[in-house]
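Worksheet: one structure, shown below.
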Amino acid sequence: MAEMNQATAQHLFEDGAVLILLDVPYGTEIGINMNSWQAAENFKGIKMIPPGLHFIYFSSCSSEGQLASRTGFFRYFREREVVVRKWNSFAETFDPEITDEEELNRFIQNKKELDRYCGAFPYDSYKKWVSLSRHITTETTGRVLPTCGYIMSATALLSECSNTASRASQSKSASVPLNKMTADNLMPEMKENLDTVINYTSIDRFIEGSDSAMITKCATDSELILNSVLERCGSWQNVLAELQWSFLCFLIGQHFDSFDQWKKLVALLCGNQSSIYKYEDLYTELISVLHFQLKELPEDFFVDIVSSNNFLTTTLHNLFANISESTASAGLKSRAQKFSDHLTKHFGWDFDLEPEDCEPVVVDEFGNY
């Protein structure tokens with residue numbers, strides 16, 4: 001835990017960014033990165049924010065004290081930047097940032113008066129945040145961010161528009177007793193709001209148009225799929241950035257589709273032996289990324305979510321075996337062994353045992369396993 005010394009505090013006070021949040025209702029959950037609070041009566045925002053990437057999130061609070069689903073957004077802050085957003089009580093979210101220069105200057109001039117109503121950035125967890133987000137760039141965020149700009153933990157649904165004829169038909173039959181099936185048919189058809197969908201890189205089990213031999217190769221060694229993902233992401237650094245982005249959206253944003261993407265990326269990277277030598281820097285950094293990510297998961301997480309299908313133990317067994325059997329450098333093999341020993345000591349996982357699902361996968365010409 002990194003404590004803020006006087007020099008750091010003075011530097012952030014003078015050069016840190018300020019996020020001014022206006023009209024936030026009492027009890028609303030407000031968070032930044034790894035920390036969150038419930039807003040007090042005079043809460044006006046967060047000050048002393050270090051420059052760089054941060055994740056801001058919020059949940060409205062009912063009169064009974066129940067928090068709504070979490071909504072968040074990534075934001076890059078510049079030194080001394082002042083960002084102002086106002087709460088929209090009807091939509092229970094924040095309006096877009098105030099961009100009018102004259103209005104923004106008024107807040108900048110009143111920065112000292114607002115200071116006592118702003119909470120200080122939680123610097124004690126900042127080092128942890130950096131270790132979990134250091135590969136993420138503006139390019140990553142721009143590529144995968146939903147059209148709406150928000151990460152929503154609850155799926156946003158839209159109802160299909162009804163036409164005049166269907167409404168007239170329903171009106172004429174309104175006085176007729178309805179059975180359950182008829183009533184269900186009259187319910188509006190709901191669909192996911194595509195503006196809220198995160199644009200993750202698709203990871204297929206095999207490349208479209210492959211014959212049965214190629215499908216079998218993709219199932220047993222994911223080099224071709226990895227190369228396709230690398231090409232679409234642009235670089236191995238961007239693949240790790242998406243791995244971190246999806247993990248943070250799941251861990252902090254409570255977005256469970258992001259957990260699925262994280263699992264797919266982990267499985268893809270760990271299941272590939274033939275590219276380890278070619279992308280040794282990628283795998284060196286992957287071990288570091290996974291090390292910090294696994295430290296943040298609660299102990300019961302592995303029991304409740306992962307251990308039910310033995311995902312992590314099987315996947316990491318593949319990673320360690322692939323590195324050990326590859327032509328990678330002694331440095332990478334040593335790094336992998338140290339990570340394996342650490343996980344065995346911390347979680348009690350035995351990577352020397354062969355997982356039950358490590359049998360060769362063979363498919364027929366129709367792609368059936």
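Structure summary
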| read-out | value |
| --- | --- |
| Helices (runs of 4 or more DSSP H) (entirely within region 258-369) containing at least 3 residues that are under 27 Å from the mean Cα position of the chain (by Cα), within 30 Å of residue 72 (Cβ to Cβ) and at pLDDT 95 or above | 280-296 |
| Some residue of region 101-117 being touching a residue at least 40 places away in the same chain (Cβ under 8 Å) and either among the aliphatic types (A, V, I, L, M) or not in a helix (DSSP H, G or I) (or both) | yes |
| Residues of region 226-241 classified as in a helix (DSSP H, G or I) and open to solvent by 10 Å² or more (accessible area, probe 1.4 Å), total | 8 |
| Test: residue in region 63-75 that is closer than 23 Å to residue 261 by Cα and of a type in the set (D, E, K, R) | yes |
| Per-region count, region 67-96, residues within 24 Å of the chain's Cα centre (by Cα), farther than 22 Å from residue 13 by Cα and part of a loop (DSSP other than H, G, I, E, B) | 7 |
| Breaking point among (1) on the phi > 0 side of the Ramachandran plot; (2) open to solvent by less than 20 Å² (accessible area, probe 1.4 Å), for residue 244 | (1) |
| Test: residue in region 71-82 that is at positive phi, touching a residue at least 12 places away in the same chain (Cβ under 8 Å), open to solvent by 30 Å² or more (accessible area, probe 1.4 Å) and touching a helix residue (DSSP H, G or I) at 6+ places or on another chain (Cβ under 8 Å) | yes |
| Selection within region 83-102 - touching a strand residue (DSSP E or B) at 6+ places or on another chain (Cβ under 8 Å) and surrounded by fewer than 12 Cβ atoms within 10 Å (Cβ to Cβ) | 96 |
| Sole exception among (1) within 21 Å of residue 120 (Cβ to Cβ); (2) modelled with pLDDT of 95 or more for residue 86, by number | (1) |
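The values are calculated or read from the model by the stated rules, or taken from the named source; none is laboratory data. What you see is a predicted model, and the numbers here were worked out from it, not measured in a lab. Backbone-built Cβ (ideal geometry, glycine too); neighbour counts: all protein chains shown. Just the protein is used for accessible areas: all its heavy atoms, side chains included, with ligands, DNA and RNA removed. Shrake-Rupley method; radii C 1.70, N 1.55, O 1.52, S 1.80 Å.
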